[in-house]
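**Student:** The structure's right below; bear with me while I get my questions together.
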């Protein structure tokens with residue numbers, strides 16, 4: 001799993017250079033639901049190695065990225081394909097629901 005302290009330009013470069021879809025986890029250290037989602041995000045990172053790149057963006061450290069993508073509540077997960085957002089999920093959810101959403105959107109990208 002990657003963590004990103006990227007500035008917006010670097011974030012765009014990361015998205016443009018990605019050979020697989022990128023799942024971005026917008027989170028903050030003070031966010032209880034974000035902490036509850038962390039093990040699920042780690043499980044996704046292991047399960048989708050080579051199929052999905054996972055990047056974490058701390059909204060307190062990179063508010064410009066949160067504003068750019070209109071992240072108004074966290075956790076927010078966004079999937080990008082070819083630099084464009086293709087999925088947005090907000091709030092905590094159980095792993096089966098999260099995996100279903102990931103699978104559904106990955107299937108549409110192919």
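Read-outs: derived from the displayed coordinates by stated rules, not from any lab. Being a predicted model, the structure only gives us computed values, none of them experimental. Heads up, the Cβs are rebuilt from the backbone with ideal geometry, glycines too, and the neighbour counts pull from every protein chain shown.
**Student:** Being within 13 Å of the chain's Cα centre (by Cα) and crowded, with 17+ Cβ neighbours inside 10 Å is the filter here, so list the residues in the range 93-104 that pass it.
**Tutor:** 98, 102
**Student:** Take residue 52 and tell me if it is surrounded by 12 or more Cβ atoms within 10 Å (Cβ to Cβ), in contact (Cβ under 8 Å) with a residue 12 or more places away in the chain, within 15 Å of residue 99 (Cα to Cα) and in contact with a helix residue (DSSP H, G or I) (Cβ under 8 Å, 6 or more places away or on another chain).
**Tutor:** Yes; evaluated as a whole, the condition is true for this residue.
**Student:** While we're looking at this one, here's another question. Counting only residues that are farther than 18 Å from residue 18 by Cβ and surrounded by fewer than 18 Cβ atoms within 10 Å (Cβ to Cβ), how many does the range 55-80 have?
**Tutor:** 8
**Student:** If a residue has to be under 17 Å from residue 96 (Cα atoms) and without any contact (Cβ under 8 Å) to a residue 60 or more places away in the chain to count, how many in the range 17-33 make the cut? Steps first, please.
**Tutor:** Initial filter on the range 17-33 (under 17 Å from residue 96 (Cα atoms)): 23, 33.
Narrowing the set further to residues that are without any contact (Cβ under 8 Å) to a residue 60 or more places away in the chain leaves 33.
Counting residues in the range 17-33 that are under 17 Å from residue 96 (Cα atoms) and without any contact (Cβ under 8 Å) to a residue 60 or more places away in the chain gives 1.
**Student:** While we're on this one: Can you say whether residue 102 is part of a strand (DSSP E or B) and touching a residue at least 40 places away in the same chain (Cβ under 8 Å), as far as the supplied structure shows?
**Tutor:** It is false that residue 102 is part of a strand (DSSP E or B) and touching a residue at least 40 places away in the same chain (Cβ under 8 Å).
**Student:** Would you pick out the residues in the range 59-85 that are assigned to a strand (DSSP E or B) and closer than 19 Å to residue 13 by Cβ?
**Tutor:** 78, 79, 80, 81, 84, 85
**Student:** Just to be sure, is residue 13 under 21 Å from residue 102 (Cβ atoms) and surrounded by fewer than 15 Cβ atoms within 10 Å (Cβ to Cβ)?
**Tutor:** No; evaluated as a whole, the condition is false for this residue.
**Student:** Which one is farthest from residue 33 (Cα to Cα), of the residues in the range 86-99 that are touching a residue at least 12 places away in the same chain (Cβ under 8 Å), out of contact with any strand residue (DSSP E or B) (no Cβ under 8 Å at 6 or more places or on another chain) and assigned to a helix (DSSP H, G or I)?
**Tutor:** Here the answer is 99.
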